[in-house]
Amino acid sequence: LYYRRVEEGKQYTVLCRRLAKLNEEFISNKSPSSGFDFTSGKKIEQKLLDYNQEAERFGELSEVSPDHRYLAYTMYDKDNHYFKLSVRDLNIGSLCSKPQADRVSNIAWAKDGQALLYVVTDNKKRPFRIYCSMIGSNDEDVLILEEPQENVHLSVRHTKDFQYLTVNIFSTQSSKVYLINAADPLSGLTLVWQCEPNTHCIVEHHQGYLYLFTDAAMQGQPVDHHYLLRSPVTSSCIPRNWENVFANDQLLTIEDVDFCHSHLLLIVKDRRKYGLYFVSLPLSNDKVGAHLKDFNLQKLPLPDHVSQIFPGPNYDFNSSTMRFTITSPVMPDAVVDYDLLSGQWTIVQQQNLLYERTRVLYGSASSTSNSRIPNNLSENSAADESTWNDLSEYYACEEYEVPSYDGALIPLTILYSRHRKTNGENPGLLHGHGAYGEVLDKRWRNEMKSLLDRGWVIAYADVRGGGGGGRKWHHDGRRTKKLNSVKDYISCAKFLIEREVVQETKLAGCGYSAGGFLVASAINYCPDLFRAAALKVGSILKHLSRFLT
């Protein structure tokens, strides 16, 4: 078990590990119980890296070798403003003589932990060189690839089964993916994929097939979503032939994928609703290319009102237990382990104290702690709200589609206390971002609880320019179309007032980073619509004084 924890009175984290068999009920994060078994009287925790003792420098990267013997990590050099690479032998606790490199941005293990590939940046922090270092060898590190052109960026990663390394080369002209045999990292690079620039390209390997998850154009036509391809790793065709794993579906889109030895995991959206599914591997050849619904998909339990799903590290490729983080506007983030073979799922981390305090605040009949008994993953199993520490008993979450000025439907999420809602009288706070294709963060925030308990309405407007609606949704709210984002936000604000969700004279806007510009522009456009603004971006504040006063 690998984990990070913070010791009392210390500023930085400690990276630790312990054998799972010595402590199956891994719950405590406090010292000394975190590192000492009072039953056996033995120390069960090994501190791998204490950032508090590393001259109080923070780390960027840390990767354990596949054989669990070495730890490669980077530390920030405050004097030179770059990250420095080191490798520690965990068996004896000392640093290896090499590699020790400066300006490292990316690392990946190869050759079962005997070799480490790392990416070095130039003076402008552009990743431009990839080196291979043989651990324990006195030979100099080998330069595998160098890109002198200023518009080219490099990155390297290993596939989840550690059999291959992939090198991504991004430029203003193209996106390329190369393959390296992890058993022989000096054997050269093989081009397996090339497409237009500014695309997402992730290659994985499973039992003789390469899987590519991308949003590149299909047959020269741009697409509005990601899709999954596969190709035999032994293919000698130039260019390589790729086949669609699933047929295109306009309503059911794949947001993300993850692999383990036995299953393929799919994060799917049906219009705006998330789903989490898995299918057994290897895939049947006669089904490849069919629609998702034609596969024997197994559905995993989720709470209501899921706002996002994030795959966990899931380092153990041979494990059938997969970890995900589930977020919701009415539930503290839940880190969940799904065992795909036994059909059980367990919440391994979640803030449930908030749930208990809320039950007491609103006079619930019972304030006893809910149990964490794993539930079966049957087709008809439904996740009980109390099992998830869901707060929807006390806070309502409603979802709408608001027509914008041009007819586009803008998703609007509204959150309020069931005990404090009065039509047309509540103050409201409208969040917005709408930039970079990023999904608006609608997860539960503890700081919002005091507002909700005092009768505030919290709303989230997923305006164009952000994520969640595909590439077209992003592009329709950027550059010359940026005004769409502003008008979308204004339409949502008017909806709150016209539907008497929020009192007309008590609406505030809220935006962070580029969302600050969104809210400020909306106030410029409709100065009588808002009464206050929380703009979490410092450089803009001085420019807003003329209309915030």
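Just a few scattered comments:
- Computed about the Cα centre, the dipole magnitude for the chain is approximately 1220 debye when only Lys and Arg (+1) and Asp and Glu (-1) carry charge, each at its Cβ.
- Taking Cα centre as origin and charging only the Cβ of basic (Lys, Arg, +1) and acidic (Asp, Glu, -1) residues, the dipole magnitude of segment 56-204 rounds to 240 debye.
- Area accessible to solvent at S97, 1.4 Å probe radius, in Å²: 100 Å²
- The DSSP beta bridges internal to segment 382-537 are antiparallel in roughly 50% of cases.
- Sites matching GluC sites (Glu not before Pro) across segment 139-209 that sit in DSSP coil, with at most 14 neighbouring C-beta atoms within 10 Å: E140, E150
- In the full protein context, the chain carries 50 Å² of accessible surface per residue, based on a 1.4 Å probe and ignoring ligands, DNA and RNA.
- Within-10-Å neighbourhood charge of F259 [Cβ basis; K, R +1; D, E -1]: -2
- Diffusion constant of the chain at 25 °C, which comes from Stokes-Einstein with the Kirkwood Cα-pair radius and 0.890 mPa s, µm²/s: 94 µm²/s
- Taken as entire DSSP H runs, the helices of the chain that both span 18 Å or more between Cα atoms along their own long axis and average 0.0 or more on the Kyte-Doolittle scale are 482-498.
- The chain, accessible surface, carbon-and-sulfur percent (1.4 angstrom probe): 48 percent
- Hz values of 3J(HN,Hα) by residue in segment 528-533 - Karplus curve (6.51, -1.76, 1.60), Gly and Pro given as x: 8, 7, 10, 10, 7, 8
- Rounded to whole Hz, the Karplus (6.51, -1.76, 1.60) HN-Hα couplings of segment 216-228, x for glycine and proline: 5, 4, 10, 6, x, 9, x, 10, 10, 7, 8, 8, 10
- Straight-distance candidates among the lysines for linking to K269, with alpha-carbon spacing under 23 Å and chain neighbours fewer than 8 residues away dropped: K287, K293, K299, K442, K472.
- Listed by chain and number, the lysines placed with their C-alpha closer than 26 angstrom to that of K47 are K10, K21, K30, K78, K84, K98, K111, K160; residues fewer than eight positions away on the same chain are left out.
- Projecting the alpha carbon convex hull of segment 56-204 along each direction and taking the average yields 9.2 nm².
The values are calculated or read from the model by the stated rules, or taken from the named source; none is laboratory data. The structure presented is a predicted model; accordingly, all values stated were derived computationally and were not measured. Please note: Cβ atoms are built from the backbone with ideal geometry, for glycine as well, and neighbour counts cover all protein chains shown. Protein only, heavy atoms only, side chains kept; ligands, DNA and RNA dropped before computing areas. Shrake-Rupley method; radii C 1.70, N 1.55, O 1.52, S 1.80 Å.
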